[in-house]
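The values are calculated or read from the model by the stated rules, or taken from the named source; none is laboratory data. Keep in mind that this is a model prediction, so the values were computed, not measured. Here the Cβ positions follow ideal geometry from the backbone for every residue, glycine too, while neighbour counts run over all protein chains shown. For the accessible areas, the whole protein counts, side chains as well, though only heavy atoms, and no ligand, DNA or RNA atoms are used. Shrake-Rupley method; radii C 1.70, N 1.55, O 1.52, S 1.80 Å.
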Amino acid sequence: MTELTAGSAPSATRDRSTITFWAVSILTTILVIGPIAPIILQAFLDRPLYKPDAVVTAGNFVRLFTEAGMGKIVLNTLFFAVVTMVVAQLFGSVMAVIVGRTNLPGRKWIGEILIWPLFVSNLVMAFGWFTMYGPSGYITLAFKASTGLSPWNLYSLTGMSIVAGLSQAPLAYLMCIGAVTKADAQLEDAARSAGASPMRALISITVPMMRPAMVYSAVLNFVIGIEMLAIPLVFGGPSGIHTVTTFLYDQGINAAVQSDYGIVGAGAVMLLVIVGLLVWLQGRLMKDSGRFVTVRGKASRPSLVDLGHWRWVAFAAVAAYVLFTIVAVFAGIFMRASVSFLTPLVPFWKLLTLANFELIFNQPGYVRAILNSVVISFLGGIIGTACVVLIALVAKRSEFRFRRALEYVALFPRSLPGIIAGLGFFYAVVWVPGLDMIRGTIWILIAAFVVRYIPIGFGAIAPALSQIGEELDRASRISGADWWTTVTRIVLPLLKPALFSSFALLFIHFFKEYVTAVFLYQPGSEIIGSTMLQLYAQGDNGPVSALATIQVIITALFVFMARRLLGAKIYG
């Protein structure tokens, strides 16, 4: 009897672990592949996939490629993505070197301001740029009044591309600042011993070592440029300039009669293929990044380069960049939300009003959008973190035979543009029996957001998991504990800081998300981003700015509390 009991216990625990491995893998695969399959199917059907008489055809691709103006849309998209990437890399990389490696005055607080655009959506940034630098923008009118010149035109392809590049420069800065500050000091010391000046050593040694970070962020910004919706919609729409995303948005959401699901599906498949190829290219370019490793066992930190008197010239240049591309953009949002109309011809304090905020808080639909955004971000952050930690534990700390395949599947959504993810979930809920019950609810938004941002949470947890020695797992297993007991009682408590960081990152991304929701929300499940798009379409710029201000304030409060109370590590 004793032998029977002793022999059955390991089998039961092994079964519990095996069931967990398979359950996590199957659920992850369904969540990731589920939204993509209906898109591919719709691309080859002659009518909406939920209609029983739909026929398989390749006609959607023929119509897509022969659509009037499609060639120009593709060229616009490529030009927009290239300029976005170049501008973002230029300013982001230069700022990283100056802030990270020189004795620039105020470098600490400048570095903090530089990453603030990452906490808000491109939609908020687009409204800020529109308010200050648009054709009737505050700074634009002030410049015209003082010089009589029209200095810029953001309603052009080049203009909106530069706006997108400057909005994405903080991402390039964030990627490069780590490479710059962790450069091997011994290499620069060797260059100085050979007679190089500190600046020459910085430019000749450290800057080339930034190549992996620059390649990674360049491809990432190019992908973001291709899938970006807000800036092409705000600046390209009025002048008739379309990119692939605005084309899909118009065909799917703003269709005059009925959405053309076939051509939208074909366009979505093509966009998915292009973005997937770019992510694959990113991986290939990063394949040999090991030769750029500079952080070794012997700790050393590079010294700051003394700019001498030029430090104040550099400070003036950096301060001007921060003032005109970040501070002015946020100030434009706050000012427009607080006045009846914004013009440099009348002092804004004479036009102060709370009417825009009163309009927001007196309309149940707008208040519901704010509450929905908070609830979705909070619940989604918890659910997403729980899903991601299970995936990471199975992929990184188990003996499951398909753990590597699980990691690949979990990271696939990084090549899934937001508009495609939303469209895929929309097709899934109208096609799969039983899923219609969550259509138009916040739960479909939570599911879509969680799937899209699994790689973000995984990126917060996986590095922390690799820092926990596997000898702890082995000691626990030798003592008789199974996998589940080991990870829940030993590994998870040690992962607590990373779990907080994952939750904070997911909350911020869910709170600023809007592209994924445009195909999914209905009255009752609106979020801040979707409501801002509706108000912008109606020309209500005051309430739009009021909502953007509320979004920025809530985000700032959350970041402050997450850092102080949870000790969460957010963006460095």
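Sort out which residues of the range 403-414 are under 25 Å from the mean Cα position of the chain (by Cα) and either of a type outside the set (Gly, Ala, Ser) or open to solvent by 10 Å² or more (accessible area, probe 1.4 Å) (or both), and write them in order of number.
Step one: list which residues in the range 403-414 are under 25 Å from the mean Cα position of the chain (by Cα), which gives 404-414.
Matches in the range 403-414: ARG404, ALA405, LEU406, GLU407, TYR408, VAL409, LEU411, PHE412, PRO413, ARG414.
For the range 469-491, how many residues meet the condition of being in contact (Cβ under 8 Å) with a residue 40 or more places away in the chain, surrounded by fewer than 17 Cβ atoms within 10 Å (Cβ to Cβ) and not in a helix (DSSP H, G or I)?
So the count comes out to 1.
Can you say whether ALA88 is in contact with a Pro (Cβ under 9 Å, 6 or more places away or on another chain) and among the small types (Gly, Ala, Ser), as far as the supplied structure shows? Reasoning before the result, please.
Details: in contact with a Pro (Cβ under 9 Å, 6 or more places away or on another chain): yes; among the small types (Gly, Ala, Ser): yes.
Judged against the criteria, ALA88 is a match.
Give the residue that is farthest from the chain's Cα centre (by Cα), with candidates limited to residues of the range 117-135 that are surrounded by 19 or more Cβ atoms within 10 Å (Cβ to Cβ) and assigned to a loop (DSSP other than H, G, I, E, B).
GLY134
Would you point out which residue out of PHE61, PHE21, PHE44 is closer than 23 Å to SER476 by Cα and modelled with pLDDT of 85 or more?
Values: PHE61 fails: closer than 23 Å to SER476 by Cα; PHE44 fails: closer than 23 Å to SER476 by Cα.
Exactly one residue qualifies, and that residue is PHE21.
Quick check: anything in the range 67-85 among the hydroxyl-bearing types (Ser, Thr, Tyr) and surrounded by fewer than 16 Cβ atoms within 10 Å (Cβ to Cβ)?
Taking the range 67-85 as the starting set, the residues that turn out to be among the hydroxyl-bearing types (Ser, Thr, Tyr) are 77, 84.
Filter once more, keeping what is surrounded by fewer than 16 Cβ atoms within 10 Å (Cβ to Cβ): none.
Looking through the range 67-85, none of the residues is among the hydroxyl-bearing types (Ser, Thr, Tyr) and surrounded by fewer than 16 Cβ atoms within 10 Å (Cβ to Cβ).
Looking at the range 135-161, I want the residues that are closer than 20 Å to VAL327 by Cβ and have a partner that is at pLDDT below 90 and small (Gly, Ala, Ser) with Cβ atoms under 7 Å, at least 6 apart or on another chain. Which pairs are those?
Listed pairs, sorted by first residue: THR140/GLY134; LEU154/GLY134.
For residues that are part of a helix (DSSP H, G or I) and of a type in the set (Gly, Ala, Ser), scanning just the range 421-449, find the one that is farthest from PRO35 (Cα to Cα).
To start, the set of residues in the range 421-449 that are part of a helix (DSSP H, G or I) comprises 421-431, 435-438, 442-449.
Okay, now just the ones that are also of a type in the set (Gly, Ala, Ser), so 421-422, 424, 428, 447-448.
Working: ALA421: 7, GLY422: 8, GLY424: 4, ALA428: 6, ALA447: 11, ALA448: 9 Å.
Here the answer is ALA447.
Hey, among LEU174, LEU149, which residue is modelled with pLDDT under 90, closer than 28 Å to PHE558 by Cβ and open to solvent by 20 Å² or more (accessible area, probe 1.4 Å)? Step through it out loud before you land on a result.
Details: LEU149 fails: closer than 28 Å to PHE558 by Cβ.
None of the other options fit; the residue is LEU174.
From (1) outside any loop (DSSP other than H, G, I, E, B); (2) out of contact with any helix residue (DSSP H, G or I) (no Cβ under 7 Å at 6 or more places or on another chain); (3) surrounded by fewer than 15 Cβ atoms within 10 Å (Cβ to Cβ), pick out the condition that doesn't hold for VAL346.
The single condition VAL346 does not satisfy is (1).
Quick one: what pairs do we get from the range 39-65, first residue within 12 Å of VAL269 (Cβ to Cβ) and of a type in the set (Gly, Ala, Ser), second open to solvent by 30 Å² or more (accessible area, probe 1.4 Å) and not in a helix (DSSP H, G or I), C-beta under 7 Å, 6+ apart or different chains?
ALA58/PHE44
Looking at this structure, is VAL367 modelled with pLDDT of 90 or more and either part of a helix (DSSP H, G or I) or within 28 Å of the chain's Cα centre (by Cα) (or both)?
On the way: modelled with pLDDT of 90 or more: yes; either part of a helix (DSSP H, G or I) or within 28 Å of the chain's Cα centre (by Cα) (or both): yes.
For VAL367, the condition - modelled with pLDDT of 90 or more and either part of a helix (DSSP H, G or I) or within 28 Å of the chain's Cα centre (by Cα) (or both) - is met.
Applying the selection to the range 514-529, what residues are within 13 Å of ILE419 (Cα to Cα) and of a type in the set (Val, Ile, Thr)?
Selection gives VAL515, THR516, VAL518.
Restricting the range 228-249 to residues that are over 18 Å from ALA517 (Cα atoms) and of a type in the set (S, T, N, Q), which is most open to solvent (accessible area, probe 1.4 Å)?
Just the residues of the range 228-249 that are over 18 Å from ALA517 (Cα atoms), to begin with: 235-243.
This time we only want the ones that are of a type in the set (S, T, N, Q), so: 239, 243.
Details: SER239: 53, THR243: 3 Å².
Here the residue is SER239.
Please state which of the following conditions LEU351 fails to meet, knowing it meets all the rest: (1) touching a Ser or Thr at 6+ places or on another chain (Cβ under 7 Å); (2) among the aliphatic types (A, V, I, L, M); (3) at pLDDT below 85.
Condition (3) is where LEU351 drops out.
Can you say whether THR158 is of a type in the set (Ser, Thr, Tyr), assigned to a helix (DSSP H, G or I) and either modelled with pLDDT under 85 or open to solvent by less than 10 Å² (accessible area, probe 1.4 Å) (or both), as far as the supplied structure shows?
Values: of a type in the set (Ser, Thr, Tyr): yes; assigned to a helix (DSSP H, G or I): yes; either modelled with pLDDT under 85 or open to solvent by less than 10 Å² (accessible area, probe 1.4 Å) (or both): no.
Here the answer is no, as THR158 does not meet what is asked.
Name the one entry in TYR536, TYR514 that is of a type in the set (Ser, Thr, Tyr), buried (at least 20 other Cβ atoms within 10 Å of the Cβ) and assigned to a loop (DSSP other than H, G, I, E, B).
Values: TYR536 fails: assigned to a loop (DSSP other than H, G, I, E, B).
Selected residue: TYR514, the only one of TYR536, TYR514 that is of a type in the set (Ser, Thr, Tyr), buried (at least 20 other Cβ atoms within 10 Å of the Cβ) and assigned to a loop (DSSP other than H, G, I, E, B).
If the requirement is being among the small types (Gly, Ala, Ser) and in a helix (DSSP H, G or I), which of these qualifies: ALA54, ALA68, ALA81?
Numbers: ALA54 fails: in a helix (DSSP H, G or I); ALA68 fails: in a helix (DSSP H, G or I).
Result of the check over ALA54, ALA68, ALA81: ALA81.
Among the numbered conditions (1) over 20 Å from VAL275 (Cα atoms); (2) at pLDDT below 80, tell me where TYR216 comes up short.
(1)
Let's see how each residue does on (1) among the aliphatic types (A, V, I, L, M); (2) part of a helix (DSSP H, G or I); (3) modelled with pLDDT under 80:
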{"position": "VAL275", "(1), (2), (3)": "yes, yes, yes"}
{"position": "GLN282", "(1), (2), (3)": "no, yes, yes"}
{"position": "LYS287", "(1), (2), (3)": "no, no, yes"}
{"position": "ARG291", "(1), (2), (3)": "no, yes, yes"}
{"position": "ARG296", "(1), (2), (3)": "no, no, yes"}
{"position": "SER300", "(1), (2), (3)": "no, no, yes"}
{"position": "LEU307", "(1), (2), (3)": "yes, no, no"}
{"position": "ALA314", "(1), (2), (3)": "yes, yes, no"}
{"position": "ALA317", "(1), (2), (3)": "yes, yes, no"}
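Residue by residue through the range 410-420, note down the ones that are within 17 Å of PRO38 (Cβ to Cβ) and either in contact with a Phe, Trp or Tyr (Cβ under 7 Å, 6 or more places away or on another chain) or aliphatic (A, V, I, L, M) (or both).
Residues satisfying the conditions are LEU416, ILE419, ILE420.
For the list (1) closer than 30 Å to THR246 by Cα; (2) of a type in the set (Asp, Glu); (3) more than 19 Å from the chain's Cα centre (by Cα), I need the number of the one condition that ASP473 fails.
The one condition ASP473 does not meet is (1).
Considering only residues that are open to solvent by less than 40 Å² (accessible area, probe 1.4 Å) and modelled with pLDDT of 90 or more, look in the range 107-116 and name the one that is nearest to VAL552 (Cα to Cα). I'd like the intermediate steps shown before the answer.
Taking the range 107-116 first, the residues open to solvent by less than 40 Å² (accessible area, probe 1.4 Å) are 110-111, 114-115.
Then keep just the ones that are modelled with pLDDT of 90 or more; that gives 110, 114.
Values: ILE110: 19, LEU114: 15 Å.
Taking the candidates together, the pick is LEU114.
Determine which member of the set PRO417, PRO455, PRO463 is open to solvent by less than 20 Å² (accessible area, probe 1.4 Å) and not acidic (Asp, Glu). Steps first, answer last, please.
Details: PRO455 fails: open to solvent by less than 20 Å² (accessible area, probe 1.4 Å); PRO463 fails: open to solvent by less than 20 Å² (accessible area, probe 1.4 Å).
Going through PRO417, PRO455, PRO463 in turn, the sole match is PRO417.
Would the range 328-343 turn up any residue that is surrounded by fewer than 17 Cβ atoms within 10 Å (Cβ to Cβ), at pLDDT below 90 and assigned to a helix (DSSP H, G or I)?
no
Criterion first (closer than 30 Å to LEU351 by Cα, under 27 Å from the mean Cα position of the chain (by Cα) and surrounded by 21 or more Cβ atoms within 10 Å (Cβ to Cβ)) does LEU547 satisfy it? Before the answer, list the steps.
Numbers: closer than 30 Å to LEU351 by Cα: yes; under 27 Å from the mean Cα position of the chain (by Cα): yes; surrounded by 21 or more Cβ atoms within 10 Å (Cβ to Cβ): yes.
Yes; evaluated as a whole, the condition is true for this residue.
With (1) within 28 Å of the chain's Cα centre (by Cα); (2) open to solvent by less than 70 Å² (accessible area, probe 1.4 Å) as the list, and LEU494 as the residue in question, which single condition is left unmet?
Of the numbered conditions (1) within 28 Å of the chain's Cα centre (by Cα); (2) open to solvent by less than 70 Å² (accessible area, probe 1.4 Å), the odd one out for LEU494 is (2).
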